[in-house]
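S.K.: Handing you a structure now.
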Amino acid sequence: MEERKLKIRFGKSGNGGVNPTMSIPKKWVDSMGIAKENNEVIVVFDEETKTIKITK
């Protein structure tokens, strides 16, 4: 298991709202088999443990 400390960027959206984004390492994306043509993932937020899980 590999762990990294990442930053969340907060950009302004067109309607004045805030849009948080985060980049994950390309190595991880490649390892998960995610590509431009096959880019759908499932993201789960656990409110109790405050964790985010990304699966293919």
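The values are calculated or read from the model by the stated rules, or taken from the named source; none is laboratory data. Since the structure is predicted, the reported quantities are computational estimates derived from the model, not experimental observations. Don't worry about glycine lacking a Cβ; one is built from the backbone with ideal geometry, like all the others, and counts go over all protein chains shown.
S.K.: Condition test on residue 31, is it modelled with pLDDT under 95, small (Gly, Ala, Ser) and out of contact with any Lys or Arg (no Cβ under 8 Å at 6 or more places or on another chain)?
M.R.: For residue 31, the condition - modelled with pLDDT under 95, small (Gly, Ala, Ser) and out of contact with any Lys or Arg (no Cβ under 8 Å at 6 or more places or on another chain) - is not met.
S.K.: Exactly one of these conditions fails for residue 15: (1) surrounded by 10 or more Cβ atoms within 10 Å (Cβ to Cβ); (2) part of a loop (DSSP other than H, G, I, E, B); (3) polar (S, T, N, Q). Give me its number.
M.R.: Status for residue 15: all satisfied but (1).
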